Amino acid sequence: MLWACLLLPQLALDGVLRRRADNSPLVLVDGPLNARTVVAVNASARAAGLRIGQRLTAAQALLARFEAMAYDASDAQRWQQFLAGVAYRYSSQVALLPHAIVLEVSKSQSLFGSWQMMERRLREDVGQLDFRHRLAAAPTPHGAYVLAGVRDGQTALSHEGMLRLLESVPLHKSRLPPAAVDALPRMGIRCLGPLLRMPRDGLQRRFGAELLRAMDRLTGDAPAGLDLYLPPDAVDWTVELSHEVENIAALVFPLKRMTGDLAAYLSGRDGGVQRFVLRLEHRDAPATDVTVGMLAPERSAEVLFDAARGRLEQVQLPAPVLALRLIADDLPGFVPAGRDLFDERPATALPLEQLRERLRARLGDGALYQWGTTIDPRPEHSQRISADSEGPLDPRPRPTWLLDRPIPLRGALRIIAGPERMETGWWDGGDTRRDYYIVETELGQRAWAFCPPDEQTGWMLHGWFA
Amino acid sequence: MSAVVPLSHLLDARQVWRGEALPIVEGEQPTGWPQLDAVLPTRGWPAGALSEILLPADGIGELRLVLPTLARLTQGTRPVVLVAPPYLPCAMGWRQHGVNLQRLDIVDAQAQQVLWAAEQCLRSGSCAAVLAWPRQADDRSLRRLQVAADTGRALAFVFRDRKHLANASPASLRLELATSPRNAIWVRKCRGGNAPSQPVSFDHIQRFSSSRGEGTGTCPILPSEGGRNPAVSTMAHQRGSCLPDSGLHHPHARKKPSA
């Protein structure tokens, strides 16, 4: 067994920062109203001297202008769930610990390569999503959790190696029950190593069974007792905007984030999404729903962003937007498009699916189609929007342009060929009795025109032999 | 006074631009019209470039000019895209010309989006050919199409009214279709050579009839100069009189209405 621990030291702050495009000083505060304490600071606030643990009043004395937001534990939890979904890509055994995600990776190594390669990929994934993180690996999940808390990048591939690394871990970083962590240093025990070598019965007498259980979980002598994470089958994420947005362009940044997150989540699940809804929430007006539908399940971040942006840009906002919500109920399986090994397209080619989505996003869902022939002899019904063609080739000449509906054709005409009697359509009330001719106009155009049977007057133009 | 420098050194050092065009690749995209191929410097459509086709009116053979090419290209893997065609492409008519409809995509676009859509298709590199009918196009937008066609290695066709002939165009090839005194193609501009002074005759109607006759063993339409030739009328009429049967065999057919 090899467990990796992804420690997320400032989950709540990262969650807030990643939906802001600017880098102005920002702190998260928590605690009772009259004694607000800073619990997280971003880089520019830290540069100004703000520290975690300061009173908000002290911080305000240090820096005149900064933004203070309330720490939202449920928000942090949501981000942790989301990252667990991302980690689910690498392992089927993913569990949540406070501020951390642990995943079992030994079984995934045959797919992703050695732990070093997997570590690189994990860091890349989480780094791209803009979450600060620390990684460690050890044979037990709690061991990895402790090692990640001490230093980034610690790896213990064997049980002995883990014990060696744990040897010098100070007790206040050991994540053991707080009562023991408080009392043990006063007995001269400051590191984990000596503690693990202490006689168990004495420890049990002094600190109860809880400490021993925690130590056993740490060394792997007892089961880890973790509840494994299961990815949900639907996505419903909300981004609350920091101010009221009246311009669609200002939604592009959070949208890019959301579609990127969706892509990361989907690849963790090995699924795709074909249809999702962007809900723009307003203060007083009912929410505006923008439905994004695609031709096939997709999960590439660019395709999702392109499709969503194209549709969003056509929306007229009835009121300023307070929050952006992404809802995807149906997450079908994803089948990557097959590619030819000897593809004749240029190397830089945009995949056809992506081109189609891009056109549909801007021009409308029905703007891109193919015609297929039917077996109906009436020209009005002779073709339909379909990828398949029915029926054999018509031996009679058919024009290349067809008019949507026939229009009167005036001027001098010369009959080239015809008539072709069309007397059909009795079965659905669309009776047609016409004589079709190929005629030439004064301009030299070849037209496909019809008139009532045997009349050769009252010409109606129905197509061009272009 | 500087020393005399041999010309070849300058040329080898690539410091002198010789004003030479890129080498012309011949015969990559034959038009399917041997007489037209013969006068074009590329012996066919310029590959990865824009061809502009100027028309006095719709329905004078502009599609038949490109249909042999489209029939050939739609047999491949990359699709052909029609952007904002002025009428519905008649599916059966295109099939009769050998076009594989599964590789033919139609894009409906509003007037101001036509050029954008055409450029996206060309630039993507996923399309074999893009045919566009822009309502308004200026020199700059056509140049964009030309660059996009080059990037995506696709054939670009733009169909425009003949009145634009007076304006300069960045297209590699400009053809003008004429119907009087006879059907003909004027090559107005071709990159890599001088435009011929004589038009190329364009006998699309005869050719279509004869090729259809060979293909199916029947010749339903006899092009006749007289037009009201009673023999033609009678023959076609007899064929026509049996037409109502064609619906009887499929009384339960239900179709989506076209368009």
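Condition check ((1) modelled with pLDDT of 95 or more; (2) out of contact with any Asp or Glu (no Cβ under 9 Å at 6 or more places or on another chain)) across all residues:
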residue: B:Gln112; (1), (2): no, yes
residue: B:Leu115; (1), (2): no, yes
residue: B:Glu119; (1), (2): no, yes
residue: B:Leu131; (1), (2): yes, yes
residue: B:Gln136; (1), (2): no, yes
residue: B:Arg140; (1), (2): no, yes
residue: B:Arg144; (1), (2): no, no
residue: B:Thr151; (1), (2): no, yes
residue: B:Ala154; (1), (2): no, yes
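Scan the stretch B:174-196 and report the pairs whose first residue is in contact (Cβ under 8 Å) with a residue 60 or more places away in the chain and within 13 Å of another protein chain (Cβ to nearest Cβ) and whose second residue is small (Gly, Ala, Ser) and part of a loop (DSSP other than H, G, I, E, B), with Cβ atoms within less than 8 Å and a gap of 6+ or a chain change.
B:Leu177/B:Gly61; B:Thr179/A:Gly444; B:Thr179/B:Ala57; B:Asn183/A:Gly444; B:Asn183/B:Gly61
Counting just the residues of the stretch A:408-449 that are touching a Pro at 6+ places or on another chain (Cβ under 7 Å) and of a type in the set (Phe, Trp, Tyr), which one comes out farthest from A:Pro395 (Cα to Cα)?
A:Trp427
Kindly indicate the residue of the stretch A:410-461 that is polar (S, T, N, Q) and in a strand (DSSP E or B) and also farthest from the other protein chains (Cβ to nearest Cβ) among those meeting that condition.
This residue is A:Thr432.
Quickly run through the stretch A:438-466 and pick out the residues that are under 12 Å from A:Arg410 (Cβ atoms) and touching a Cys at 6+ places or on another chain (Cβ under 8 Å).
Result: A:Thr457, A:Gly458, A:Trp459, A:Met460.
What pairs come out if I take residues in the stretch A:424-435 that are of a type outside the set (Asp, Glu) and modelled with pLDDT under 85 and pair them with residues that are assigned to a helix (DSSP H, G or I) and exposed (fewer than 14 other Cβ atoms within 10 Å of the Cβ) whose C-beta lies under 8 Å away, six or more apart or interchain?
Going by the 8 Å Cβ cut-off, there are no qualifying pairs.
Provide a single number: the residues in the stretch B:69-119 that are over 22 Å from A:Ala349 (Cβ atoms), at the interface with another protein chain (Cβ under 9 Å from one of its Cβ atoms) and aliphatic (A, V, I, L, M).
The number of residues fulfilling the criteria is 4.
Checking A:Leu443 against (1) of a type outside the set (Phe, Trp, Tyr); (2) at pLDDT below 90; (3) farther than 27 Å from B:Leu177 by Cβ; (4) out of contact with any Lys or Arg (no Cβ under 6 Å at 6 or more places or on another chain), only one condition comes out false. Which one?
Unmet for A:Leu443, out of (1) of a type outside the set (Phe, Trp, Tyr); (2) at pLDDT below 90; (3) farther than 27 Å from B:Leu177 by Cβ; (4) out of contact with any Lys or Arg (no Cβ under 6 Å at 6 or more places or on another chain): (3).
Take the stretch B:120-131 and flag every residue that is small (Gly, Ala, Ser) and more than 7 Å from chain A (Cβ to nearest Cβ).
Correct list: B:Ala128, B:Ala129.
I'm checking my understanding of the structure. Among residues of the stretch A:394-409 that are more than 7 Å from chain B (Cβ to nearest Cβ) and surrounded by 15 or more Cβ atoms within 10 Å (Cβ to Cβ), which one is nearest to the chain's Cα centre (by Cα)?
A:Pro406
Name the residue, out of A:Gly220, A:Gly208, that is at positive phi, more than 22 Å from the chain's Cα centre (by Cα) and loosely packed, with under 14 Cβ neighbours inside 10 Å.
Exactly one of A:Gly220, A:Gly208 is at positive phi, more than 22 Å from the chain's Cα centre (by Cα) and loosely packed, with under 14 Cβ neighbours inside 10 Å, namely A:Gly208.
Let me confirm something: among A:Ala328, A:Ala337, A:Ala296, which residue is farther than 25 Å from B:Gln113 by Cα and modelled with pLDDT under 85?
That would be A:Ala337, the only listed residue that is farther than 25 Å from B:Gln113 by Cα and modelled with pLDDT under 85.
Wholly within the stretch A:16-126, which strands (runs of 3 or more DSSP E) include no fewer than the required count, namely at least 1 residues that are touching a strand residue (DSSP E or B) at 6+ places or on another chain (Cβ under 8 Å) and crowded, with 21+ Cβ neighbours inside 10 Å?
Hits in the stretch A:16-126: A:26-30, A:37-41, A:94-97, A:100-104.
Go through the stretch A:288-306 and count every residue that is surrounded by 14 or more Cβ atoms within 10 Å (Cβ to Cβ), closer than 18 Å to A:Val321 by Cα and out of contact with any helix residue (DSSP H, G or I) (no Cβ under 7 Å at 6 or more places or on another chain).
Summing the residues that are surrounded by 14 or more Cβ atoms within 10 Å (Cβ to Cβ), closer than 18 Å to A:Val321 by Cα and out of contact with any helix residue (DSSP H, G or I) (no Cβ under 7 Å at 6 or more places or on another chain) in the stretch A:288-306 gives 1.
Can you find even one residue in the stretch A:365-382 that is in contact (Cβ under 8 Å) with a residue 60 or more places away in the chain and within 30 Å of A:Leu304 (Cα to Cα)?
Initially, the stretch A:365-382 is screened for residues in contact (Cβ under 8 Å) with a residue 60 or more places away in the chain, giving A:365, A:379.
When the remaining residues are screened for being within 30 Å of A:Leu304 (Cα to Cα), the result is A:365.
Yes: one or more hits.
If B:Leu104 satisfies every condition in (1) without any contact (Cβ under 8 Å) to a residue 12 or more places away in the chain; (2) hydrophobic (A, V, I, L, M, F, W, C); (3) over 23 Å from B:Thr42 (Cβ atoms) but one, which is the exception?
B:Leu104 satisfies all of (1) without any contact (Cβ under 8 Å) to a residue 12 or more places away in the chain; (2) hydrophobic (A, V, I, L, M, F, W, C); (3) over 23 Å from B:Thr42 (Cβ atoms) except (1).
Out of (1) more than 30 Å from B:Ala154 (Cα to Cα); (2) touching a helix residue (DSSP H, G or I) at 6+ places or on another chain (Cβ under 6 Å); (3) assigned to a helix (DSSP H, G or I), what's the single condition that is false for A:Glu380?
(2)
Of the residues in the stretch A:251-307, how many are assigned to a helix (DSSP H, G or I) and under 25 Å from A:Leu363 (Cα atoms)?
19
Could you list, in sequence order, all residues of the stretch B:78-100 that are crowded, with 22+ Cβ neighbours inside 10 Å, touching a residue at least 12 places away in the same chain (Cβ under 8 Å), on the phi < 0 side of the Ramachandran plot and outside any strand (DSSP E or B)?
Residues satisfying the conditions are B:Arg78, B:Pro79, B:Trp94, B:Gln96, B:Val99.
Which residues, counting only those in the stretch A:127-144, are buried (at least 21 other Cβ atoms within 10 Å of the Cβ) and either over 28 Å from A:Leu266 (Cβ atoms) or small (Gly, Ala, Ser) (or both)? So that I can check it myself, show each step before the final result.
Our first condition is that a residue be buried (at least 21 other Cβ atoms within 10 Å of the Cβ); within the stretch A:127-144, this holds for A:131, A:133, A:135-138, A:140-144.
Matches in the stretch A:127-144: A:Ala136, A:Ala137, A:Ala138, A:Thr140, A:His142, A:Gly143, A:Ala144.
Within 13 Å of chain A (Cβ to nearest Cβ), within 17 Å of A:Arg362 (Cβ to Cβ) and of a type outside the set (Gly, Ala, Ser) - does that describe any residue in the stretch B:150-167?
Within the stretch B:150-167, none of the residues are within 13 Å of chain A (Cβ to nearest Cβ), within 17 Å of A:Arg362 (Cβ to Cβ) and of a type outside the set (Gly, Ala, Ser).
With the checklist (1) within 7 Å of chain B (Cβ to nearest Cβ); (2) touching a residue at least 60 places away in the same chain (Cβ under 8 Å); (3) not aliphatic (A, V, I, L, M) in hand, flag the one item A:Arg358 doesn't pass.
All conditions are met except number (2).
Kindly indicate whether A:Leu135 is touching a Leu at 6+ places or on another chain (Cβ under 8 Å), of a type outside the set (Asp, Glu) and assigned to a helix (DSSP H, G or I).
Numbers: touching a Leu at 6+ places or on another chain (Cβ under 8 Å): yes; of a type outside the set (Asp, Glu): yes; assigned to a helix (DSSP H, G or I): no.
No: the conditions fail for A:Leu135.
This table checks each residue for (1) among the basic types (Lys, Arg); (2) surrounded by 21 or more Cβ atoms within 10 Å (Cβ to Cβ); (3) in a loop (DSSP other than H, G, I, E, B); (4) not assigned by TED's automatic domain parsing to the domain that holds A:Val315.
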residue: A:Glu353; (1), (2), (3), (4): no, no, no, yes
residue: A:Arg358; (1), (2), (3), (4): yes, yes, no, yes
residue: A:Arg362; (1), (2), (3), (4): yes, no, no, yes
residue: A:Ile375; (1), (2), (3), (4): no, no, yes, yes
residue: A:Pro392; (1), (2), (3), (4): no, no, yes, yes
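Against the conditions (1) outside any helix (DSSP H, G or I); (2) in contact with a strand residue (DSSP E or B) (Cβ under 7 Å, 6 or more places away or on another chain), where does A:Met162 fall short? Just the number, please.
It fails just one condition, (1).
What about A:Ala387, is it more than 26 Å from B:Val81 (Cα to Cα) and facing chain B (nearest Cβ under 7 Å)? Explain how you work it out, then say what you get.
On the way: more than 26 Å from B:Val81 (Cα to Cα): no; facing chain B (nearest Cβ under 7 Å): yes.
It is false that A:Ala387 is more than 26 Å from B:Val81 (Cα to Cα) and facing chain B (nearest Cβ under 7 Å).
The values are calculated or read from the model by the stated rules, or taken from the named source; none is laboratory data. Just so we're clear, the structure is a prediction, and the values are computed from it rather than from any experiment. Counting neighbours? That spans all protein chains shown, and the Cβs are built from the backbone with ideal geometry, glycine included.
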